[in-house]
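Chemist: Have a look at this one before I ask anything.
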There are 2 protein chains.
Amino acid sequence: MAKFKLDEVDHQILDMLIENTRTPFTDIAKKLLISAGTVHVRVKKMEDAGIIKGSSLTLDYVKLGYSFIAYVGIFLEKTHQTKFVLERLNQIPYITVAHITTGKFNIFCKIRAKDTKHAKEIIFKVDDIDGVSRTETMISLEESINDKRRLMHTIFNDL
Amino acid sequence: MAKFKLDEVDHQILDMLIENTRTPFTDIAKKLLISAGTVHVRVKKMEDAGIIKGSSLTLDYVKLGYSFIAYVGIFLEKTHQTKFVLERLNQIPYITVAHITTGKFNIFCKIRAKDTKHAKEIIFKVDDIDGVSRTETMISLEESINDKRRLMHTIFNDL
DNA sequence: GGTGAAACTTCTAATAA
DNA sequence: TTATTAGAAGTTTCACC
């Protein structure tokens, strides 16, 4: 996949939209001393190129009653069962992320649950999937860093 | 933290905005058979309550040249060094998420890098932090699940 | 609570530079 | 590529249910 060339203006636009996707284009234009039309054209171009894949809300899951986060490493009996197990994991909505990995585990996933009891149920469900030989759970005591903005700044300055 | 009470209309609004934060309120209103003013008031209420913390763009990091994802488990020499190590990790922008965890590791983080060589540099930097005794890396071969929408649907139906 | 309409702001596409 | 512009579209407020 080719690395995309974005200039400084594109970076600044992305930077403002990452912070708040509803930032009016007129505000962005004012700050960057360009016209709103230009902002519009640039954003459209980045959308067409697939750089901007979409936008999403950041919700407070704790306030919604989901304060439990854990990472679960999965050992499979045989590697060729990966696809099947992933399909099963995909049916558990509390599993928000899953990766096929090298190293210790075959599959590695993140779960978000209401509490310990709820998490236990989810993990048992994972353990029960055919092909899973065992799992190893790491409970998050605190999410200390979660910031893609810093990465974006770095990516921009890299180019 | 109290669980917040949202009704069916709030859920539907969130559901549409999670999919695309720029969905016009007029569209939402039309679909839900309410007025755009009501959508506006409801969204504002959820923002004020902190349920909606913000909005962000979903970018294609692969197209931006960052196709490497790994999870790194960190073993500390002493637990009381946690805060110090996290501060250091926070200075490495390629570390996008970090959790203090129970279980095998003391700290667990996610890195996003350009390639293997770049990842090596980052991991070496982590290894070099005072208080880190050793690390264990799991390289993502494939991000198979990444979907908070499913979780939201479930949360809604839970209530 | 919600509505509907007015006033205001923003978007978007066409044209021109 | 960018700017300007003007009509379309969206947001926000408010008097009134």
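Chemist: Please express the Cα-Cα pair-distance distribution P(r) of chain A as a list of whole percents, one per 10 Å bin, running from 0 to the bin with the greatest distance.
Modeler: 9, 29, 23, 24, 13, 3
Chemist: What spacing in nm lies between the two simple spin-label points modelled at B:Leu33 and A:Leu33, each 7 Å away from Cα in the Cβ direction?
Modeler: Those two pseudo-labels are separated by 5.4 nm.
Chemist: What is the average number of partner chain Cβ atoms found within 10 Å of a Cβ in B:151-157?
Modeler: Mean shielding by partner chains, rounded to a whole number: 5.
Chemist: Given the options B:Leu33, B:Leu76, B:Leu86, which has the most mean-square fluctuation in a GNM of chain B, springs set between C-alpha atoms less than 10 angstrom apart?
Modeler: B:Leu33
Chemist: Within a Cβ distance under 9 Å of B:Thr96, other residues only, what is the Lys/Arg minus Asp/Glu net charge?
Modeler: Local charge sum for B:Thr96: +3.
Chemist: On to the next question. Given H placed on each backbone N at 1.01 Å, which residues far from A:Lys53 in sequence or on other chains put an amide H within less than 5 Å of it?
Modeler: Under 5 Å from the amide H of A:Lys53: B:Thr58, B:Leu59, B:Asp60.
Chemist: Ok, one more. To the nearest 10 degrees, how steeply does helix B:148-158 sit against the main Cα axis of chain B, on a 0 to 90 scale?
Modeler: In chain B, helix B:148-158 runs at an angle near 50 degrees to the longest axis.
Chemist: Here's something else I'd like to know. Please identify, among A:Asn106, A:Asn146, A:Asn20, the residue showing maximal mean-square fluctuation in a Gaussian network model of chain A using a 10 angstrom Cα cutoff.
Modeler: Evaluated over chain A, the most mobile residue of the options is A:Asn146.
Chemist: Placing a label point 7 Å from Cα toward Cβ, how far apart in nm is B:Lys78 from its equivalents in the other copies, listed shortest first to one decimal?
Modeler: List, nearest first: 5.1 nm.
Chemist: For the stretch A:57-73, what does the Karplus curve 6.51 cos²θ - 1.76 cosθ + 1.60, with θ = phi - 60°, yield as ³J(HN,Hα) per residue in whole Hz, taken in order and with x for Gly and Pro?
Modeler: 7, 9, 9, 8, 5, 4, 5, 8, x, 10, 9, 9, 10, 9, 10, 10, x
Chemist: Here is a follow-up. Between A:Leu141 and residues 5 or more places away or on another chain, which pairs have amide H atoms under 5 Å apart, with H built 1.01 Å from N, and which residues are they?
Modeler: Counting only residues 5 or more places away or on other chains, the set is B:Ile100, B:Thr101, B:Thr102.
Chemist: Point me to the residue of chain B whose C-beta lies closest to the B-onto-A rotation axis, rounding the distance to whole angstrom.
Modeler: B:Thr21, 2
Chemist: Got a sec to turn the phi values of the stretch B:42-50 into Karplus ³J(HN,Hα) couplings, 6.51 cos²θ - 1.76 cosθ + 1.60 with θ = phi - 60°, whole Hz, x for Gly and Pro?
Modeler: Result, ordered by residue: 5, 4, 4, 4, 5, 5, 4, 6, x Hz.
Chemist: Right, something else. Within 10 Å of each Cβ of A:86-99, how many other protein chain Cβ atoms are there on average?
Modeler: 5
Chemist: What trypsin sites (Lys or Arg not before Pro) in the stretch B:67-126 are in a loop by DSSP, with at most 12 other Cβ atoms within 10 Å of the Cβ?
Modeler: Here the sparse-neighbourhood loop sites are B:Lys78.
Chemist: With the label 7 angstrom out along Cα to Cβ, how close does A:Thr23 come to the same site in each of the other copies, in nm, nearest first?
Modeler: Spelled out, the distances from A:Thr23's label point are 2.4 nm.
Chemist: If you plug each phi of the stretch B:128-137 into the Karplus form 6.51 cos²θ - 1.76 cosθ + 1.60 with θ = phi - 60°, what whole-Hz ³J(HN,Hα) values come out, in order, with x for Gly and Pro?
Modeler: Ordered by residue, 3J(HN,Hα) equals 7, 5, 4, x, 7, 8, 6, 10, 9, 10 Hz.
Chemist: Classify the protein assembly as shown: rounded, prolate or oblate, from the alpha-carbon gyration tensor (a ≥ b ≥ c, eigenvalue square roots; a/c under 1.5 rounded; otherwise prolate if a/b is larger than b/c)?
Modeler: Oblate, because a/c is 1.5 or more while a/b does not exceed b/c.
Chemist: At a Förster radius of 22 Å, what calculated FRET efficiency corresponds to the Cβ-Cβ distance of B:Glu47 and A:Asp115, to the nearest 0.05?
Modeler: Once rounded, the FRET efficiency stands at 0.25.
Chemist: Highest GNM mean-square fluctuation, chain A, Cα pairs closer than 10 Å: which of A:Ile145, A:Ile74, A:Ile122?
Modeler: A:Ile145
Chemist: Here's a follow-up. At A:Gln91, with labels set 7 Å past Cα in the Cβ direction, how many nm apart are the copies from this one, shortest first?
Modeler: Those separations, rounded to one decimal, come out as 4.9 nm.
Chemist: For B:Lys83 and A:Asp15, FRET efficiency with R0 = 25 Å and r from the beta-carbon atoms, rounded to 0.05?
Modeler: With a Förster radius of 25 Å, E is 0.30.
Chemist: Still on this model: Classify the stretch A:1-81 as rounded, prolate or oblate from the Cα gyration tensor: take a ≥ b ≥ c as the square roots of its eigenvalues, call it rounded if a/c is under 1.5, otherwise prolate when a/b beats b/c and oblate if not.
Modeler: Cα axes put the stretch A:1-81 in the oblate bin.
Chemist: Local charge sum around A:Leu32 (other residues, Cβ-Cβ under 13 Å, Lys/Arg +1, Asp/Glu -1)?
Modeler: -2
Chemist: Would you calculate a helix-derived [θ] at 222 nm for the protein assembly as shown, using -39,500 (n - 2.57) for each DSSP H run of n ≥ 4 and dividing by the full residue count, to the nearest 500?
Modeler: After summing the helix terms and dividing by residue count, I get -12000 deg cm²/dmol.
Only the coordinates and a few stated rules stand behind these numbers; no lab work does. No experiment lies behind these values; they were computed from the predicted model shown. Because the Cβ atoms are built from the backbone with ideal geometry, glycine has one as well, and the counts that use them run over all protein chains shown.
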